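The values are calculated or read from the model by the stated rules, or taken from the named source; none is laboratory data. Here the structure is a predicted model, which is why all the values come from computation and not from measurement. Here the Cβ is made from the backbone with ideal geometry for all residues, glycine too, and neighbour counts use every protein chain on show.
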Amino acid sequence: MAISRVSTWVETGTLTLPDALRQASTSNANDLAMIFESTTHGTEQEDAKIAVSLGHSDEVLMHRKMPASPPGKIDNATMLDNNATYIISGGLGSLGLHMANMLYELGARHLMLLSRSGKANSSDILAALMNLERNGCNVDVVACDITSMEDMKRLGSKFSEESRPRLKGIIQSAMVLADSTFANMTFENWQKATAPKIQGSWNLHNLQRFMTEGSSSSENDVEDLDFFILLSSVSGVIGNSAQGNYCAGNTFEDVLAHHRRANGMAAVSLNIGLVSDSNHFGTGTMSSFKNIDEYLRVFGHLAPVVVSTAEVLASVKMAIAASNKQNTALTSCPLQIPPQLVVGISSRIRRSRELLNYWSLDRKFDHRAAWGDDAGWEGDLAPKASLLRANEALPLAQDLSSGRLVVEDLLKAKLAQAMTLDVEGVDEEKSLGAYGIDSLKATEMRNWINREFHVDLSIFEILAPTPIAKLAMRILKACDLVNHDALES
C-alpha cells in the first residue's frame, strides 16, 4: 500500500526525484535544521546539494514538509494526446482490448488495432469495439500481419496517404504459442512462435521508415514515438521446457528494447508472468486446462510468476508515464525505468529439487527466494525432507530385483508429484503416458532422470507405451550409480 502510494506521488509529480547528489559542503549534523533553512531562504546556490555524515552519537529530529500544491499534477484523462494515433499489435486479443480501453481512459481518441484477420470474430470483441466508438474513440481495426514486410509498408502508407493523426505510441502484444520439445520441434513450429516476436517486433521498430517511403517526407521529418512498449514474457528470463521458440522470441524483444534505448529511442520491454485470468485457458495448447488452478497443478514451477491482467495493465501504464514527454515536461520529474522490466516474479520463491523444472535454483534468483533455511528451501520441499535420492538408495540394492524396485518407487513418486496424483494409485504396469505425461512434461521428466540416475533417455522412450516397471529396469541397467557385477551375481 505504501509503495503504491509513493509510486502514485512520483507519477503525478507530487514527489520529484533529484538529480545525482554531489557534495557541496560538509557540515555538522547537529546544524542540520539551520543548513536546510539557509538553503530554503536562498543563502546557498539554488541548485546546491547537501551531503551530511552522521556519527553514532548524532541525533537528528526530522519532519516532513510537503509542497502546498503538487507541481504539474497530471490528469489521467490527458496523459495521452487526443489528436495522435496509437497502435496495438495483437489488438483484438483479450489483453489487447483491455489495453485499448486503458489508452482511451488516458486520453487517446485514435486507435489502430492490428490483427492478422482484421475481423471481430466474436460478440465480445464486437461489443468492446462498439463501446469505444460510442464513447468517442475512433478505432480502426486493420488486417495486418506484422511479420510481412508488404503488410507493414501498406500500414505505413496509411499515414502518408490518408492524413491520419501523427503516430505517437506502439504497443506490441502479438504472440503465437507452438509448444514442442526442442528435439521434436519442426522449423515450421519454430517460426510460428518466433516470427511475431522477432520479425514482427523488428518491423514495428522500422514502421516510421515505412511511413516515409514513397512520400516527400524523410525519416528526419518523422518525430520519435512517445512510447514503444513490447509485451515480452518472463519465460525469456527463467526459461521454460518445450517453449524454446517462445523464449527465444521474447529474448529478442528484450534486446530490441535495449537497442532502441541505446540509440535514443523510446522503448520498454515488459517480461510479463503467467496471466492468471487470461482467456488462453481452454484453447490451443492450453486446451487441457480450464483455468489457472488446473494449469498449476501440472506446472507448479510457474506458480511464482503468476500475475493478473490488472497488474499487467498497471505495468503498461507505468511504462507509458515514464516514456511520455508530455508528462515529464509537466512534472520536471522524469520517471526513469530500465529498458527491460520483469513483472511478476514473486519475492518468496520456494526452491525444491523435486520440481521437474529447476529455474528457481538459478543463483540469479537468490534475492527472490523465500526466507528460510538454505536460501529459500523450506517446509516439506526442503532437501532433507525430499524424496530419497537415487545415489543414496541404489548402492543399498542387493540384486537386480531390489534395484529395479528402488528406481520404480522413485519414478512413481516423481510422477505422482508432477501430476498431483496419489502415489499409492500409480500402477507400475502402466506407462507414464497413461497418467497424462505429454511431450512437455516428458522433457522435464527426461531431465530429472538424467540428473538423478545419470541416464540419458530419449523423449520417445519416455512417451512410449512401456510399463513403468520395464522403464525402471531400462534405467537401472544404464545407471552408473550401482555395481552391476554385484547386482547380477
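Looking at I146, I125, can you tell me which residue is of a type in the set (V, I, T) and at pLDDT 95 or above?
Values: I125 fails: at pLDDT 95 or above.
Exactly one residue qualifies, and that residue is I146.
Tell me, yes or no, whether region 435-446 has at least one residue that is modelled with pLDDT under 90, part of a helix (DSSP H, G or I), of a type in the set (G, A, S) and exposed (fewer than 14 other Cβ atoms within 10 Å of the Cβ).
Scanning region 435-446, I find no residue that is modelled with pLDDT under 90, part of a helix (DSSP H, G or I), of a type in the set (G, A, S) and exposed (fewer than 14 other Cβ atoms within 10 Å of the Cβ), so the answer is no.
Only one of these is free of Cβ contacts under 8 Å to residues at least 24 places away in the same chain and aliphatic (A, V, I, L, M): A183, A193, A127. Name it.
Going through A183, A193, A127 in turn, the sole match is A127.
Tally time: how many residues in region 414-429 are of a type in the set (D, E, K, R), surrounded by 15 or more Cβ atoms within 10 Å (Cβ to Cβ) and in a loop (DSSP other than H, G, I, E, B)? Before the answer, list the steps.
Kept after step one, since they are of a type in the set (D, E, K, R), are these residues of region 414-429: 414, 422, 424, 427-429.
Checking which are surrounded by 15 or more Cβ atoms within 10 Å (Cβ to Cβ) leaves us with 414, 428.
Filter once more, so that each one left must be in a loop (DSSP other than H, G, I, E, B): 428.
Total satisfying the criteria: 1.
Here's the yes/no breakdown for (1) touching a Lys or Arg at 6+ places or on another chain (Cβ under 9 Å); (2) closer than 23 Å to I229 by Cβ:
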residue	(1), (2)
G107	no, yes
L114	no, yes
A120	no, no
S123	no, no
A143	yes, yes
R164	yes, yes
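Kindly indicate whether V406 is outside any helix (DSSP H, G or I), crowded, with 18+ Cβ neighbours inside 10 Å and of a type outside the set (S, T, N, Q). It would help to see each step written out before you state the result.
Values: outside any helix (DSSP H, G or I): no; crowded, with 18+ Cβ neighbours inside 10 Å: yes; of a type outside the set (S, T, N, Q): yes.
It is false that V406 is outside any helix (DSSP H, G or I), crowded, with 18+ Cβ neighbours inside 10 Å and of a type outside the set (S, T, N, Q).
Within region 95-107, can one find any residue that is among the charged types (D, E, K, R), within 20 Å of R166 (Cα to Cα) and touching a Cys at 6+ places or on another chain (Cβ under 6 Å)? Step through it out loud before you land on a result.
Taking region 95-107 as the starting set, the residues that turn out to be among the charged types (D, E, K, R) are 105.
The next check asks that each one be within 20 Å of R166 (Cα to Cα); those that pass are 105.
With touching a Cys at 6+ places or on another chain (Cβ under 6 Å) added as a condition, the list becomes none.
Scanning region 95-107 turns up no residue that is among the charged types (D, E, K, R), within 20 Å of R166 (Cα to Cα) and touching a Cys at 6+ places or on another chain (Cβ under 6 Å).
Under 8 Å by Cβ, and 6 or more places apart or on different chains, what pairs join a residue from region 416-442 that is within 14 Å of G300 (Cα to Cα) with one that is exposed (fewer than 13 other Cβ atoms within 10 Å of the Cβ) and among the acidic types (D, E)?
Here the result reads A416/D422, each pair linking region 416-442 to a residue that is exposed (fewer than 13 other Cβ atoms within 10 Å of the Cβ) and among the acidic types (D, E).
Looking at region 468-482, can you tell me whether even one residue there is under 26 Å from S287 (Cβ atoms) and not hydrophobic (A, V, I, L, M, F, W, C)?
Within region 468-482, none of the residues are under 26 Å from S287 (Cβ atoms) and not hydrophobic (A, V, I, L, M, F, W, C).
Could you say whether any residue in region 287-297 is assigned by TED's automatic domain parsing to the domain that holds A174, in contact (Cβ under 8 Å) with a residue 24 or more places away in the chain and among the hydrophobic types (A, V, I, L, M, F, W, C)?
No, that holds for no residue.
So, in region 458-480, exactly how many residues are buried (at least 19 other Cβ atoms within 10 Å of the Cβ) and assigned to a loop (DSSP other than H, G, I, E, B)?
1
How about region 230-322: which helices (runs of 4 or more DSSP H) wholly inside it have at least 1 residues that are closer than 26 Å to P338 by Cα and either out of contact with any Pro (no Cβ under 7 Å at 6 or more places or on another chain) or at pLDDT below 95 (or both)?
Details: elements: 235-238, 244-262, 292-298.
So the answer is 235-238, 244-262.
Somewhere in region 148-170, is a residue in contact with a Gly (Cβ under 6 Å, 6 or more places away or on another chain) and either small (G, A, S) or within 22 Å of L95 (Cα to Cα) (or both)? Before you say what the answer is, go through the steps one by one.
To start, the set of residues in region 148-170 that are in contact with a Gly (Cβ under 6 Å, 6 or more places away or on another chain) comprises none.
No - not one qualifying residue is present in region 148-170.
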